[in-house]
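Q: What follows is a single structure, and I will ask about it in a moment.
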Amino acid sequence: MCGKDVTSGQEPPSTMSFVEYNDFIQDGDVAIVYLGHDSLMPVKVQQGAQTQTRFGAIRHSTDLIGQRYGSKVTCSKGGWVQVLHPTPELWTVCLPHRTQILYTTDIATITMMLELKPGSVVCESGTGSGSLSHAILRTIAPTGHLHTVEFHQQRAEKVAEEFKEHRVDHLVTVRNQDVCKDGFGVSGVADAVFLDIPSPWEAVRHAKAALKRHAPRSAAAARASDPTSGARPCERVFVHQDLDVRLADEAESLSGVSVTTGTCSMSGQVRRSLESQSRAELSVNSQEPEDSVQLLCCESHSSLSRSAGESALGSSRPPAVIAVEIGLETRGRGPVGGRLCSFSPCIEQVQKTCQALADQGFEEISPLEVLLRVHDVRNIYLPLPDFGPDSGPDSCAPTEPDSKQQAQNHASVTLKTTTPPREIPGHTGYLTFATKPRT
Amino acid sequence: MADNGDDDAQYRIKEGDYVVLKRGDIFKALQIQPRKKVIFEKQWFFLDKAVGHLYSTKFEILSGGNLQPKKPKEEESPADAKEAGTDNRHILDDGTSQKLTRDDIETLKEQGLKGQEIVQQLIENSSTFRDKTEYAQEKYIKKKKKKYENTVTILKPSCRSLAMMYHGREPGKICHLRYDTLAQMLTLGNIHAGSKVLVFETCAGLVLGSVMERMGGYGSVIQMYPGGGPVRAGVESFGFPAHFHDTLHDFPICHVNALLAGNLDTAAKDPCADEKQSNTVEGQNQPEAEPRGNPEEQSMETNAGDDTADQEKKEREKLKEAKVQGKRVKLEEKRKKLAAAASLLEGRNADGLIIASRFHPCPVLMVLLKFLSPSRPFVVYSQYKEPLIECYTKLKEQGGTVSLRLADTWLRHYQVLPNRTHPLLLMSGGGGYILSGTTVAADRAKPASSQRADEPAPKRLKVTDTEG
């Protein structure tokens, strides 16, 4: 991680990822080919492969592998391109669109206003094409985690695949479920929640459940007074991470199965994964059923799932394991509430969302709009009109064709200035931010 | 980080913590010090009673300036007035609708009435309240509540709250950098944990602190500073844990030329720091030294005094020696730090560059770009557009960069209420400009041969003589 701190010159060979720079292009990397202004394409680097561009073919083995990121590559037709290290921002402008995507201007605002930083735990829905997801992952690495929920099965599978290719899969859990019905699959753990769905107001209560929560006063007090009682009403369940996506089918067939303790109200997806997992260890030692059972994705997973992720890189497909902790209370891990953002193109959606947020006790509800204004730098020529000869009263003589010629040729001013593009995106969506207060 | 589940100490307010006070959208950053009177929004109070409570707690200011956590139930709106008018045709603005005078209100305050109760009093004594529409009543209550509210929320500092605070209170100190513009810079600069980032700023440390927050204590940040020493009061306000500061290095911009030329001698006394150092040394010694001129010289000659005086002198000498020794150690440390920063820069393999200053950005950018690896982003902020046009032009001529873009952002906040949704009446007129781009390997083969110019060749307008 900090390998570059010391300028030793001899660095251990590392690999490119969307959360860590590397200097040289290697087999298996995803590189971004810069063809010209606003014209970029992602390339999966593979020994022996070729990529066609409008400047000719790029041969991966000779033109890419071993080259430095940022270097110029001459294509077969003699034209050249630059090969760039991937970043979430470059990915945003060249990723394959499966949905409408969020662009960098909104993403930057979201990242700051959600107060994301390394270590943040974030819930997101829908995943869509993963434009925002990559930016979130970059910011919360190396110790944070993203729980992203996408109700479209193929999209969920595809984006999970991309996370793997971009070597960020250890930081993210993709769930294929409907956030409005089933929530985020985690509870009481998130520092921030992001919603980009058609009816965000239906997901607000799930967002609230996902955000960090303080242990109920009574429970916290009880624990404090009697630390030896040890009967922390929670248990651990291990679930295959890659089940999250695959389970979508199984889950359907398994629907309607009742689970474990009668008072449990678990998120559908996890319940199903528990049911279908013969290996799942479930031992309920709950004493008294409180309001509802909290499922929390054990956030000490930063070490746990990271190591799982690392091992996943090594061999073919070892089951990445995450720990799911079920307890009757969330341990006093996050007494601070958290931030929420909802993105909606229509003001009617915003109105309903704001109402739902206020009803759920969110504060600082602040809808805003942010737009990028590009200024194209240009040289401009401003001709000066000919006012005719300007001299004393004696030179009223008619203009000679000679001087007229001169005026045409030379009477102009050159300026360096900027012009706005003829058309710009005038609306992307409203960003509604809110804070879930400490409760 | 977020991992220590059971340890909620990190969420509790401690003495010495840097915190942000918040009321409405007003922020103030400060450090919690015992029995320190704090003035915020025309009210004074002490933060002592907040210690031990959880961050994000809303406190009520009691008489005597003590804080008490506010119970969430007290939030309910005061008026359950069902009566409301339909429009404002009967409302006259003659200044007589409120029967309470300023003095009355002051008396109520002195009696220890809470903000809520004062607002209730105001409503009861307003002759027009009942005639106002439901919406106008709500607005009235909101306005009065804001005026007489006596609560304050204590937050953990963050890039968001500090950027909004500086923008709202002291925009001049941060070159009028608006918070959303700062957000663009951090994202376009791909600031993330584990990278090596150069920062040149004169924004009170806000930009530097924001970069450090995004790096989370992983990797390294090198502050390139102009003048005598790095300015970073804003970094303090973030209240970073100690290990974050281990990742922060600084390097005086006045040594950059020497570093680039390869003749920076970190062992020798450096000219600009040295000058300053010697100045301060002299300055500090002056009061003692004044009557006797050079103290060292003097000490050699004044041995012949009487014993007590001698003793005193010896003591004084010792002290001085210790001081000098201390200075030497500090100088040595400084030199070591400089050498460390220099070695970080020497590889010319930094991963990012952020510039946001009151200096002309062009020369700064041209010099600092040399320290970046190829295929790395850079972002330059300026309050004005023209200097960035110059940067753009120069970079186009020089090559070595792609994806150049000059832009600014437009930001508008909204009021969203049932049947009353509209943009806020005021918006920021501008938040500064940003030039961003990506470095590429220097082109040795064909210098300045632009195969594809981003900018279409300027067309010279033909001045056609339409008027015969």
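Q: Can you tell me which residues in the stretch B:360-397 are aromatic (Phe, Trp, Tyr) and more than 15 Å from residue B:436 (Cβ to Cβ)?
A: Let us first name the residues in the stretch B:360-397 that are aromatic (Phe, Trp, Tyr), namely B:371, B:378, B:381, B:384, B:392.
Listed by number, the residues that qualify are B:371, B:384.
Q: OK, next. Out of all the residues in the stretch A:341-381, which are out of contact with any strand residue (DSSP E or B) (no Cβ under 6 Å at 6 or more places or on another chain), buried (at least 18 other Cβ atoms within 10 Å of the Cβ) and at the interface with chain B (Cβ under 7 Å from one of its Cβ atoms)?
A: Matches in the stretch A:341-381: A:351 only.
Q: So, residue B:209, is that one small (Gly, Ala, Ser) and in a loop (DSSP other than H, G, I, E, B) or not?
A: Working: small (Gly, Ala, Ser): yes; in a loop (DSSP other than H, G, I, E, B): no.
Criteria not met by residue B:209.
Q: Hey, residue A:74 hits all of (1) closer than 28 Å to residue B:413 by Cα; (2) surrounded by fewer than 23 Cβ atoms within 10 Å (Cβ to Cβ) but one; which does it fall short on?
A: Of (1) closer than 28 Å to residue B:413 by Cα; (2) surrounded by fewer than 23 Cβ atoms within 10 Å (Cβ to Cβ), only one is false for residue A:74: (1).
Q: Write out, first by first residue and then by second, each pair whose Cβ atoms fall under 6 Å of each other, whose residues are 6+ apart or on separate chains, and whose first residue, in the stretch B:157-174, is assigned to a helix (DSSP H, G or I) while the second is among the charged types (D, E, K, R).
A: B:159/B:213; B:160/A:115; B:167/B:178
Q: If you go through the stretch A:181-192, how many residues are more than 13 Å from chain B (Cβ to nearest Cβ), at pLDDT 95 or above and in contact with a strand residue (DSSP E or B) (Cβ under 9 Å, 6 or more places away or on another chain)? Don't jump to the end; show me each part of the working.
A: The first filter runs over the stretch A:181-192 and keeps only residues more than 13 Å from chain B (Cβ to nearest Cβ), leaving A:181-185, A:187.
Within this subset, residues satisfying the condition of being at pLDDT 95 or above are A:181-185.
Those left that are additionally in contact with a strand residue (DSSP E or B) (Cβ under 9 Å, 6 or more places away or on another chain): A:182-185.
Adding up the residues that qualify gives 4.
Q: Conditions first: (1) open to solvent by less than 50 Å² (accessible area, probe 1.4 Å); (2) under 27 Å from residue A:23 (Cα atoms). Residue B:370 passes all but one, so which condition is the exception?
A: The failed condition is (1).
Q: So which residues in the stretch A:64-103 are closer than 21 Å to residue B:183 by Cβ, facing another protein chain (nearest Cβ under 7 Å) and free of Cβ contacts under 8 Å to residues at least 60 places away in the same chain, if there are any at all?
A: The answer is A:89, and nothing else.
Q: Scan (1) within 19 Å of residue B:355 (Cα to Cα); (2) away from chain A (no Cβ under 14 Å); (3) not in a loop (DSSP other than H, G, I, E, B) for the single condition residue B:204 breaks and write down its number.
A: Every listed condition holds for residue B:204 apart from (3).
Q: Give B:383, B:398 a once-over and let me know the one that is away from chain A (no Cβ under 12 Å), within 20 Å of residue B:179 (Cβ to Cβ) and surrounded by fewer than 22 Cβ atoms within 10 Å (Cβ to Cβ).
A: On the way: B:398 fails: within 20 Å of residue B:179 (Cβ to Cβ).
Of B:383, B:398, the one residue that is away from chain A (no Cβ under 12 Å), within 20 Å of residue B:179 (Cβ to Cβ) and surrounded by fewer than 22 Cβ atoms within 10 Å (Cβ to Cβ) is B:383.
Q: Which condition does residue B:209 not pass, out of (1) touching a residue at least 60 places away in the same chain (Cβ under 8 Å); (2) over 19 Å from residue B:349 (Cα atoms), if it passes all the others?
A: (1)
Q: Whether any residue in the stretch B:403-420 is in the same structural domain as residue B:232 (by TED's automatic domain parsing), under 24 Å from the mean Cα position of the chain (by Cα) and open to solvent by 30 Å² or more (accessible area, probe 1.4 Å) is what I want to check. Explain how you work it out, then say what you get.
A: If we filter the stretch B:403-420 for residues that are in the same structural domain as residue B:232 (by TED's automatic domain parsing), which is where we start, we get none.
No, every residue in the stretch B:403-420 fails to be in the same structural domain as residue B:232 (by TED's automatic domain parsing), under 24 Å from the mean Cα position of the chain (by Cα) and open to solvent by 30 Å² or more (accessible area, probe 1.4 Å).
Q: Would you check if residue B:133 is over 30 Å from residue B:47 (Cα atoms), under 15 Å from the mean Cα position of the chain (by Cα), more than 10 Å from chain A (Cβ to nearest Cβ) and of a type in the set (S, T, N, Q)? Outline the logic, then answer.
A: Values: over 30 Å from residue B:47 (Cα atoms): yes; under 15 Å from the mean Cα position of the chain (by Cα): no; more than 10 Å from chain A (Cβ to nearest Cβ): yes; of a type in the set (S, T, N, Q): yes.
So residue B:133 fails the test.
Q: What residue, among those in the stretch A:26-56 that are open to solvent by 30 Å² or more (accessible area, probe 1.4 Å), within 23 Å of residue A:164 (Cβ to Cβ) and not aliphatic (A, V, I, L, M), is farthest from the other protein chains (Cβ to nearest Cβ)?
A: In this case the residue turns out to be A:48.
Q: Keeping to the stretch B:113-159, report how many residues are modelled with pLDDT under 85 and under 25 Å from residue A:339 (Cα atoms).
A: 5
Q: Exactly one of these conditions fails for residue B:152: (1) away from chain A (no Cβ under 11 Å); (2) open to solvent by 40 Å² or more (accessible area, probe 1.4 Å). Give me its number.
A: (2)
Q: If you check residue B:234 against the conditions, is it at pLDDT 95 or above and either over 25 Å from the mean Cα position of the chain (by Cα) or crowded, with 19+ Cβ neighbours inside 10 Å (or both)?
A: On the way: at pLDDT 95 or above: no; either over 25 Å from the mean Cα position of the chain (by Cα) or crowded, with 19+ Cβ neighbours inside 10 Å (or both): yes.
Spelling it out, it is not the case that residue B:234 is at pLDDT 95 or above and either over 25 Å from the mean Cα position of the chain (by Cα) or crowded, with 19+ Cβ neighbours inside 10 Å (or both).
Q: Of (1) in a loop (DSSP other than H, G, I, E, B); (2) touching a residue at least 60 places away in the same chain (Cβ under 8 Å), residue B:427 satisfies all except one. Which?
A: The single condition residue B:427 does not satisfy is (2).
Q: Right, here's the next one. With the structure loaded, tell me whether residue B:212 is open to solvent by less than 10 Å² (accessible area, probe 1.4 Å) and farther than 21 Å from residue B:157 by Cα or whether it fails that test. Walk me through how you get there before you give the answer.
A: Working: open to solvent by less than 10 Å² (accessible area, probe 1.4 Å): yes; farther than 21 Å from residue B:157 by Cα: no.
Answer is no for this residue.
Q: Kindly indicate whether any position in the stretch B:176-198 is away from chain A (no Cβ under 14 Å) and open to solvent by 10 Å² or more (accessible area, probe 1.4 Å).
A: Looking for residues that are away from chain A (no Cβ under 14 Å) and open to solvent by 10 Å² or more (accessible area, probe 1.4 Å), one finds at least one in the stretch B:176-198, hence yes.
Q: Also, I was wondering about something else. May I ask you to verify whether residue B:162 is closer than 30 Å to residue A:110 by Cβ and modelled with pLDDT of 80 or more? Full working, then the answer.
A: On the way: closer than 30 Å to residue A:110 by Cβ: yes; modelled with pLDDT of 80 or more: yes.
So residue B:162 passes the test.
Q: Every residue in the stretch B:339-380 that is farther than 27 Å from residue A:73 by Cβ and within 11 Å of chain A (Cβ to nearest Cβ), please.
A: Answer for the stretch B:339-380, where residues must be farther than 27 Å from residue A:73 by Cβ and within 11 Å of chain A (Cβ to nearest Cβ): B:340, B:342, B:343, B:344, B:345, B:346.
Q: If you don't mind, there's one more thing I want to ask. Scan the stretch B:212-239 for residues that are in a loop (DSSP other than H, G, I, E, B) and among the basic types (Lys, Arg) and report the count. Give the derivation first.
A: First pass over the stretch B:212-239, keeping only residues in a loop (DSSP other than H, G, I, E, B): B:216-219, B:226-232, B:238-239.
When the remaining residues are screened for being among the basic types (Lys, Arg), the result is B:232.
Residues in the stretch B:212-239 being in a loop (DSSP other than H, G, I, E, B) and among the basic types (Lys, Arg): 1 in total.
Q: I've got another one for you. Is it the case, given these coordinates, that residue A:107 is hydrophobic (A, V, I, L, M, F, W, C), in contact (Cβ under 8 Å) with a residue 12 or more places away in the chain and open to solvent by 10 Å² or more (accessible area, probe 1.4 Å)? Quick ask: steps written out before the conclusion?
A: On the way: hydrophobic (A, V, I, L, M, F, W, C): yes; in contact (Cβ under 8 Å) with a residue 12 or more places away in the chain: yes; open to solvent by 10 Å² or more (accessible area, probe 1.4 Å): no.
No, not satisfied.
The values are calculated or read from the model by the stated rules, or taken from the named source; none is laboratory data. What you are looking at is a predicted structure, and each value in this text was computed from that prediction instead of being measured. Using ideal geometry, Cβ is built from the backbone for each residue, glycine included, and neighbour counts are taken over all protein chains shown. Accessible surface areas use protein heavy atoms only, side chains included; no ligands, DNA or RNA. Shrake-Rupley method; radii C 1.70, N 1.55, O 1.52, S 1.80 Å.
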